[in-house]
1. So, Arg39, is that one among the basic types (Lys, Arg), in contact (Cβ under 8 Å) with a residue 12 or more places away in the chain and open to solvent by 90 Å² or more (accessible area, probe 1.4 Å) or not?
2. Could you please find all residues in the stretch 13-32 being under 11 Å from Tyr2 (Cα atoms), open to solvent by less than 100 Å² (accessible area, probe 1.4 Å) and not β-branched (Val, Ile, Thr)?
Amino acid sequence: MYKCYHCGEVIKDPQKLERVVCPHCGFRIFYKVRQPVVRRVKAL
Ligand SMILES: [Zn+2]
């Protein structure tokens with residue numbers, strides 16, 4: 001999970017993007033953020 005350094009837009013899946021640019025402002029510098037909430041995953 002990454003956050004745009006310029007506007008703070010959160011990019012959850014940078015791998016999905018062709019180029020890692022902010023969809024909001026087009027900035028290309030991001031910093032990594034920890035996910036605030038840990039999702040519970042059901043163990044099957
Ligand atoms: Zn941005």
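The values are calculated or read from the model by the stated rules, or taken from the named source; none is laboratory data. Only a predicted model underlies this, so the values are computations on that prediction, with no experimental measurement involved. We place every Cβ from the backbone using ideal geometry, glycine too, and count neighbours over all the protein chains shown. We work out accessible area using only protein heavy atoms, side chains counted, and drop any ligands, DNA or RNA first. Shrake-Rupley method; radii C 1.70, N 1.55, O 1.52, S 1.80 Å.
1. Details: among the basic types (Lys, Arg): yes; in contact (Cβ under 8 Å) with a residue 12 or more places away in the chain: no; open to solvent by 90 Å² or more (accessible area, probe 1.4 Å): yes.
Judged against the criteria, Arg39 is not a match.
2. Scanning the stretch 13-32 gives Asp13, Pro14, Cys22, Phe30, Tyr31.
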